[in-house]
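Structure record follows, encoded as structure tokens.
Read the figures in this text as sums done on the coordinates, not as results from a lab. None of these values were measured; they are calculated from a predicted model. When we count neighbours, we look across all protein chains shown, and the Cβ atoms used for this are built from the backbone with ideal geometry, even at glycine.
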Amino acid sequence: MNKREHNAKERLSLLFPFRVRYSEIDAQGVVFNAHYLTYLDTAVTEYLRWQNFNVWQQAATGFDFHTVKTVVEYRAPIKFDDEIEVGVKLGSHGRSSLTWELAIFHQGDERVLSTGEVVWVYVDMAAHKATPIPEELLVHLRLV
């Protein structure tokens, strides 16, 4: 997400709801930092499901995505039993990479609690080398 967050929710493609479980908080009474990545990853998975993208079929082709970068920026606390929603959209893409833009909000609230960025690289699984993302895959994911 960019630094300008006015109407941040409206710029996202999909909002996925969560309720914070007790096992996700730390001794400070807020969500433990590692759980933010789980929230982001789950939201990306739900986006793929929403786009009818089958991760198992993709893996069977011998080509798939590797997560190569994750960034989480804390803005405000998230606590036990909070009802939150994680917004996700596909941002930019390169020859072999996709960048996911994410943000976390309390349900029914526009204030950004956290932002995230996840970068994937498309790889040949046998060679473990980056390879160009096929045009038809970009179309399926609504990037072109």
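Miscellaneous remarks
- Using the Cβ-Cβ distance between GLU136 and GLU10 with R0 set to 22 Å, the FRET efficiency works out to roughly 0.15.
- Considering only alpha-carbon pairs that sit under 8 angstrom and 6 or more positions apart, the relative contact order computed for segment 9-140 is 29 percent.
- Using R0 = 22 Å, the C-beta based FRET efficiency linking HIS128 and SER92 works out to 0.40.
- Working ranking of peptides 101-110, 65-74 by packing, defined as the average number of other Cβ atoms within 10 Å per residue, highest first, is 101-110, 65-74.
- Ordering HIS140, HIS128 from the fewest to the most neighbouring beta carbons within 10 Å gives HIS128, HIS140.
- Ranked by the mean number of other Cβ atoms within 10 Å of their residues, highest first, the peptides 9-17, 114-122 come out as 114-122, 9-17.
- Each of VAL20, ALA34, SER92 was scored by the projection of its Cα onto the charge dipole of the chain, and the greatest displacement toward the positive side belongs to SER92; charges sit on the C-beta of Lys, Arg, Asp and Glu.
- Tilt relative to the chain, helix 33-50 - C-alpha long axis, 0 to 90 degrees, to 10: 50
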